[in-house]
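What follows is a set of notes on a single structure, which appears directly below.
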Amino acid sequence: MDYFLTGGTGFIGRNLIDLLLKRRGTIYVLVRSGSKDKFKQLSERWGNQAKRVVPVTGDLTRSNLGVSAAKRRDLKGKIGHVFHLGAIYDMKSDAETQQQANVDGTRHAVQFAESVEAKRFHHVSSIAAAGLYQGVFREDMFDEATGLDHPYFLTKHESEGYVRHHCKLPWRIYRPGMVVGDSRTGEIDKIDGPYYFFKLIQKMRRMLPSWMPTVGIEGGRINVVPVDFVAAALDHIAHLPREDGKCFHLTDPKPKRIGEILNLFAEAAHAPQMSMRIDARIFSYIPAVVKQGLAMFPPFRRIQNQVLHDLGIPPNILSFVNYPTRFDSRETERALKKTSIRVPDLEDYAWRIWDYWERHLDPDLFIDRSLRGHVQDKVVVVTGGSSGIGHSTALMMAKAGARVAVVARKREKLANAVKDIEAEGGFAKAYSADLTDLDACEEVIDKIEAELGPVDILVNNAGRSIRRSIALSYDRFHDYERCMQLNYFGSLRMIMRVLPGMSKRRQGQIINISSIGVLSNAPRFSAYVASKAALDAFSRCAAAEFNDTGVSFTTINMPLVRTPMIAPTKIYNNVPTISPEEAADMVKQAVIYKPQRIATRLGIFSQVLHAVAPKVSEIVMNSAFRMFPDTAAARGVKGEQAEASQEQLAFASLMRGIHW
């Protein structure tokens, strides 16, 4: 006797076909016309047996599954079992889509099975058909379901009800629990159920050591079963005699609570576990008016949505944390009693589930990490682009397909930079401008946009650095004015000129090359650090104002880079620095990920130290101040600076990247 499957190309379906191929008969699989390539790829899975799996063109949403009358006549009397697995197993789908696939699809599947005179109809439902029933839901229960407000629960209930009340063929119904990957391989094809929390676990692992205890929640019991158990139980029970008209719960008889499940996956991920778990039921005591008030508060909604979006958690999932239903599975246990088919303990295979997700389904794997994917054919402006960080950044952007506008003062250096870029096959145009002249800033942006088009990315890299102690600057107020004029006002004028267009187009990025000195409060750089700090503060304010416009701001607190700007300070010849190319890589990360800040670990540590122990930070910086003297030029005298001492080299190596 032959088989017919809807949803045969789906996750449960393909695993069931693996088992049906061990039996006799042809397996017909409903395949949409647009999924033939997917079916062809699956056929490779079955090797020499693939010829026994025959595609039948159709569609769940059409009468008789959209199978032609001729094909139905050909199949009439041949089909022993119709397995209806085709459905939407996704709580994020809209109500109309779920109605069409789950309810209408079931009605059409029953109609088709009756038209070909199949011997038996197997409907794969879901524990969602019970809704949010309070207590134990038995296999012989159906009408008792409550809490069916969610479209997924409602359509699963209604589709099962259609089989019960309208199917004229002998039928059997199966309600799988929350299906996860194969317990032997971890394989799964989509993110659902506990997988929604994997990104949170991963982020915790990156932020905290695995031994650190954390606080979490202890919710209801979630019934998790691996797909290999579901497929094996389906195959076995479907072929048992005298089981028609019954429902079988393909569930774990000993389900775990949400907190336990998350801890098992945290352990598998080598992430911190929730040592203290708060019973989520306490949230039910919060007055409804308070919950409604928070839900109506726009900042609260936006913050919640942003956090959930970053973690990949659908908002409606949180409403099921206190899942109230337990599932009795005595009928299923009886049917499987003389077999080895059992629900494996999640503790034994959680690591396989995690490993497969991280290797194959982690959303980060599908981010376009190529610079070309983010800048090709876009207009990128790089100030200070004739040398150092700017030159390396402009070259990198152009090689990735960007249309680069290189801005600097000296025409000869600009011309050489453009030649270097063109020699690598990139496109660049030189724009000479003195960015300390605010009118010149406006004019150069206007000229760039007239010749190349609207600016997509602005990299404010041009800057002036002065290394001189405050005590030697009492009569050099112009040092502070010069730094501020270029580093802050020049950059600000460029930003203000491109922002209107970016806001209107609802896309664009401002990248400001700042300094690690802003985080470490480096002595002798008060003029330079103050100007960069001003730009940092402006960017933070602007990021808040433009958060919902599609325009992003990124500040890069750059460590010490070996460029012509630091050449006058001879001590830097012997201290650890990064190259302009490494600095350009930080700009690349800014373009791809668009964070608000990029900084080294030492820079972040310096900022945290100053925040929690400012006096300690002050002492460390003062020690460095006394250890590294002003240059002869800063003191206004002639002479060469002495070679760096071993003590200075050791200190600079320990504080790699900080300006001294």
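The values are calculated or read from the model by the stated rules, or taken from the named source; none is laboratory data. Quick caveat: nothing in here was measured; it's all calculated off a predicted structure. Don't worry about glycine lacking a Cβ; one is built from the backbone with ideal geometry, like all the others, and counts go over all protein chains shown.
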Scanning the stretch 379-406 for residues that are in a loop (DSSP other than H, G, I, E, B) and either of a type in the set (A, V, I, L, M, F, W, C) or not assigned by TED's automatic domain parsing to the domain that holds residue 417 (or both) gives 400, 402
Looking at the stretch 482-506, I want the residues that are farther than 21 Å from residue 545 by Cβ and assigned by TED's automatic domain parsing to the domain that holds residue 448 and have a partner that is part of a helix (DSSP H, G or I) and among the basic types (Lys, Arg) with Cβ atoms under 6 Å, at least 6 apart or on another chain. Which pairs are those?
487/532
Would you confirm whether or not the stretch 560-568 contains a residue that is crowded, with 19+ Cβ neighbours inside 10 Å, in contact with an Asp or Glu (Cβ under 9 Å, 6 or more places away or on another chain), at pLDDT 90 or above and part of a strand (DSSP E or B)?
no
Sole exception among (1) touching a residue at least 60 places away in the same chain (Cβ under 8 Å); (2) more than 14 Å from the chain's Cα centre (by Cα); (3) surrounded by fewer than 20 Cβ atoms within 10 Å (Cβ to Cβ) for residue 380, by number:
(3)
Of the residues that make up the stretch 418-431, is at least one in contact with a Cys (Cβ under 7 Å, 6 or more places away or on another chain) and under 20 Å from residue 510 (Cα atoms)?
no
What about residue 101, is it small (Gly, Ala, Ser), touching a His at 6+ places or on another chain (Cβ under 6 Å) and either in a helix (DSSP H, G or I) or buried (at least 22 other Cβ atoms within 10 Å of the Cβ) (or both)?
no
In the stretch 449-495, how many are under 24 Å from residue 382 (Cα atoms), in contact with a Lys or Arg (Cβ under 8 Å, 6 or more places away or on another chain) and among the hydrophobic types (A, V, I, L, M, F, W, C)?
5
The lone exception for residue 113 - which of (1) farther than 21 Å from residue 326 by Cα; (2) surrounded by 21 or more Cβ atoms within 10 Å (Cβ to Cβ); (3) in contact with a helix residue (DSSP H, G or I) (Cβ under 7 Å, 6 or more places away or on another chain) it fails
(3)
Within the stretch 412-530, strands (runs of 3 or more DSSP E) holding 1 or more residues that are surrounded by fewer than 24 Cβ atoms within 10 Å (Cβ to Cβ), more than 38 Å from the chain's Cα centre (by Cα) and on the phi < 0 side of the Ramachandran plot
427-432
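One line per residue, one yes/no per condition, for (1) closer than 19 Å to residue 158 by Cα; (2) more than 33 Å from the chain's Cα centre (by Cα); (3) touching a residue at least 12 places away in the same chain (Cβ under 8 Å):
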site	(1), (2), (3)
22	no, yes, no
43	no, no, no
81	no, yes, yes
94	yes, no, yes
105	yes, no, yes
Look through 369, 409 and report the one residue that is touching a residue at least 12 places away in the same chain (Cβ under 8 Å) and in the same structural domain as residue 513 (by TED's automatic domain parsing).
409
Does residue 535 qualify as being touching a Gly at 6+ places or on another chain (Cβ under 8 Å) and either touching a residue at least 12 places away in the same chain (Cβ under 8 Å) or closer than 21 Å to residue 586 by Cα (or both)?
no
